[in-house]
Amino acid sequence: MRITRGTGIFCVVVGALIFLLWGILLATGTVTDLTERPTAYAFHLTAEALTGVLLIGSGLAIFKAYRYAGRLFYFAGGMLLIAALGMLVFYIRDGFPPFIGLGGVVVALTVLVLRRNYVAVADLAYLSFGTVLYMEINVLGNLLQTGDIASAWYVAIAMAVTVPVTLLAFQRPL
């Protein structure tokens with residue numbers, strides 16, 4: 001089954017909205033602890049930007065019907081799913097209703113789009129690769145921020161395995 005054009009539109013729109021959201025948050029000073037946690041935010045913003053770029057890229061690949069479009073969509077979708085769930089948990093903890101609502105909508109739409117395009121178990125592997133890489137980037141930033149260098153090494157080693165395995169899975173589809 002070919003991934004739908006609507007999925008491509010979803011990817012491009014959500015990818016662009018990630019950049020818009022972070023632009024607004026940073027421009028309005030909503031991110032109040034940025035100066036106290038610069039390393040953690042540098043890694044988090046890297047994960048967010050990578051998610052946005054890969055979503056836009058997967059949307060464009062879907063429009064052009066590239067063979068790897070589904071793999072890229074599920075990889076970027078895994079990144080988006082964990083980012084949206086993290087956003088939802090963060091804003092529930094902080095009790096900020098507008099972003100709780102936004103997070104809930106993004107999680108629901110992401111799950112719906114992922115499920116609607118699901119074809120085979122391999123899709124879940126690509127989803128997992130994206131989720132794991134997003135988490136590794138964020139955890140590594142937080143560990144470096146707190147000075148837990150020993151644990152940071154373990155996460156860096158895990159990333160050194162995750163990235164090549166993911167690239168191999170893209171080259172030789174599961």
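The values are calculated or read from the model by the stated rules, or taken from the named source; none is laboratory data. Keep in mind it's a predicted model, so treat the numbers as computed, not measured. Neighbour counts run over all protein chains shown; Cβ positions are idealised from the backbone, glycine included. Keep in mind that these areas ignore ligands, DNA and RNA; they rest on the heavy atoms of the full protein, side chains included. Shrake-Rupley method; radii C 1.70, N 1.55, O 1.52, S 1.80 Å.
Data overview
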| read-out | value |
| --- | --- |
| Acute angle (nearest 10 degrees) that the helix 97-117 long axis makes with the longest principal axis of the chain, alpha-carbon atoms | 20 degrees |
| Carbon + sulfur, % of accessible area of the chain - ligands and nucleic acids excluded, 1.4 Å | 73 percent |
| Residues of the chain: accessible area per residue with a 1.4 Å probe, Å² | 55 Å² |
| Pairs of alpha carbons in the chain whose separation is greater than 21 Å (percent) | 49 percent |
| Local electrostatic count at residue 126 - Lys and Arg +1, Asp and Glu -1, tallied over other residues with Cβ under 13 Å | +1 |
| Bins of 5 Å from zero: percent of alpha-carbon pairs in segment 87-174 | 3, 12, 15, 15, 17, 17, 14, 6, 1 |
| Shape of segment 1-57, Cα gyration tensor, a/c cut at 1.5 | prolate |
| Per-residue SASA entry for residue 157, accessible area with 1.4 Å probe, Å² rounded to 10 | 100 Å² |
| Choice from 49, 120, 16 with maximal GNM fluctuation in the chain (Cα, 10 Å cutoff) | 120 |
| Residue-count net charge about residue 146 - beta-carbon cut-off 13 Å; Lys, Arg +1, Asp, Glu -1 | -1 |
| Neighbour net charge for residue 74 - beta-carbon separation under 15 angstrom, K R +1, D E -1 | +4 |
| Extension gain, residue 9 back to residue 105 (0.36 nm per residue minus Cα-Cα distance, nm) | 32.9 nm |
| Ratio of Rg to Rh over segment 6-100 (Cα coordinates, Kirkwood Rh, two decimals) | 1.02 |
| About the Cα centre, charge dipole magnitude for segment 1-142 (Lys/Arg +1, Asp/Glu -1 at Cβ), debye | 680 debye |
| Rounded to whole Å, sorted largest first: equivalent-ellipsoid semi-axes of segment 71-134, Cα gyration tensor | 24, 12, 6 |
| With all protein chains modelled, accessible area of residue 165 [1.4 Å, Å²] | 70 Å² |
| Residue 26 paired with residue 159, simple spin-label distance in nm, labels 7 Å along Cα-to-beta-carbon | 1.8 nm |
